[in-house]
C-alpha cells in the first residue's frame, strides 16, 4: 500500500530555501567583499530580517494547533521549550502577531515589503492601541498609514514620540482634547506608581530606589545637573585623575542638594534639613574625635559634623540653649522645629505602646488640647505617628501615659 506524501507548503519551501542558501555561504569570508558590496549586503540583510520576521508572525498567528498538539499553554511556550529563546520576547511576538493578523494589516504589509522592522512594528501597534476607543475608523486608518510611512525615516524611539502626537498631524481638531485626556490618565497612573524605598546596605551606604512622575524626575534632574554639570571641571575627577562617571556625579550632587535645602522652607511637621543634634560636648566636637547623630539616628564622625556645620545648624543636646526657645507656652499654636528636635531626642519612635514608626515620621501632639488651654511646650507634648495621632483625637479611644513613658490606647466600652 502506497502512502501519499503531503506536498510541501510554499511557506515552508521558502524558509528551507533561505536556510539552504545561507548554508551555501557559511564559509564565505565577507572581508574580501568590496565596500559598496558590504553596504548593499547589510541593507539587504536588514530588509530580509524584516520580511522573515513578518513571515514568522504570520505563522505564529495561526499556530494554536501546534500548541494544542503537545498541550502547551500557547505557541510562545511551545517555541520556548523547543528553541530556548527568551519567553518574554516570544510572548511579545505572539501579541504582535495577533494584532497584525486581526487589525493592523498595513503594518504587516510594510514588514512583508521590508520597509518596517519588528521593533518599529511593536511601537506603531502600541501607539495605535493607545488611540481613543471611540475614534472614527477613518482617522484610525489614517493614523496607521501615516505611522507606517514614517517607518522608512524614523527609528523606534522617534516613532514612539511621533505616535504619541499622531492626532496632531491627522486630526488636529480633536488632538488637544485627547492629549488632555491622555495626560490626565498618565498623571493618575504616575501617582499610583510613585514609590521610594531606602535600604541600608550595612557598609555605611543606603540604596535609594524610586519611581516618580516624569515631571518630578525632570525637576530633580535639572536641580542635580546644576551641581553636576558635565561641562564643569571643578573637582569632578577621581583620585587617579580620571573624570567621574556621570552617575557618580549625580550621586554626589544629590547629597549636595540635600545639604543645601533651606530648613525654613520645609513644613514644621515634616522635620528639618541636615540639622545635626550633637550628643557630645560642643567643645570636644570642635577639637577632638567624637560621634554625633543626625535627626533620624545615623551616627556621624565629629569631622563630618564639623563639615556639615558649614551649611547646616548644629544643635547641642543640652536643650534650652540661648539660640533655641523650647517652651513657647501659649504664644504659638504649633510646635516649633526646635521642639520637634527635642522630642526626637526623647523618643526615637512614635510614643504609642508597641509602635515602631520612626519619630522623624511622627507628628507633635498636644497632650491637653490647645483649644482647651493646653500649652505648646514640651511638658504638654507627645510624638505620635499619623495613625495614633488620629486615635488621640478619636472620641472612641482613651489614652494614658504609662510609667515607662509609652502611651496606651484603649477603646471606650
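The values are calculated or read from the model by the stated rules, or taken from the named source; none is laboratory data. Here the structure is a predicted model, which means the values were calculated and not measured. Reconstructed Cβ throughout: ideal geometry from the backbone, glycine too, with neighbour counts over all protein chains shown.
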* Using the structure shown, decide if residue 224 is within 26 Å of residue 120 (Cα to Cα) and in contact with a helix residue (DSSP H, G or I) (Cβ under 7 Å, 6 or more places away or on another chain). => no
* Asked: Looking only at segment 27-37, which residues are surrounded by 12 or more Cβ atoms within 10 Å (Cβ to Cβ) and in a helix (DSSP H, G or I)?
  -> none
* Qualifying positions in segment 48-82 - free of Cβ contacts under 8 Å to residues at least 24 places away in the same chain and out of contact with any helix residue (DSSP H, G or I) (no Cβ under 6 Å at 6 or more places or on another chain) -> 64, 65, 68, 69, 70, 71, 73, 77, 81, 82
* Evaluate the following for residue 22: is it touching a helix residue (DSSP H, G or I) at 6+ places or on another chain (Cβ under 8 Å) and part of a helix (DSSP H, G or I)? => no
* Of all the residues that make up segment 43-76, how many are over 20 Å from residue 103 (Cα atoms) and surrounded by fewer than 16 Cβ atoms within 10 Å (Cβ to Cβ)? -> 13
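For every residue, the table says whether it meets (1) surrounded by 15 or more Cβ atoms within 10 Å (Cβ to Cβ); (2) assigned by TED's automatic domain parsing to the domain that holds residue 64; (3) over 21 Å from residue 58 (Cβ atoms).
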position: 92; (1), (2), (3): no, yes, no
position: 106; (1), (2), (3): yes, yes, no
position: 118; (1), (2), (3): yes, yes, no
position: 147; (1), (2), (3): yes, yes, no
position: 169; (1), (2), (3): no, yes, yes
* **Unmet criterion (only one of (1) under 28 Å from residue 203 (Cβ atoms); (2) modelled with pLDDT of 60 or more) for residue 308** => (2)
* Filter segment 202-214 for residues that are loosely packed, with under 11 Cβ neighbours inside 10 Å and under 17 Å from the mean Cα position of the chain (by Cα) and give the result. => 207, 209, 214
* **strands (runs of 3 or more DSSP E) (entirely within segment 371-413) containing at least 3 residues that are in contact (Cβ under 8 Å) with a residue 24 or more places away in the chain and surrounded by 11 or more Cβ atoms within 10 Å (Cβ to Cβ)** => 381-384, 407-411
* Asked: Does residue 128 count as crowded, with 16+ Cβ neighbours inside 10 Å, within 28 Å of residue 180 (Cα to Cα) and within 27 Å of the chain's Cα centre (by Cα)?
  -> yes
* Asked: residue 27: more than 34 Å from the chain's Cα centre (by Cα) and modelled with pLDDT under 95, yes or no?
  -> yes
* Kindly check whether there is at least one residue in segment 353-365 that is more than 35 Å from the chain's Cα centre (by Cα), under 21 Å from residue 409 (Cβ atoms) and at pLDDT 60 or above. => yes
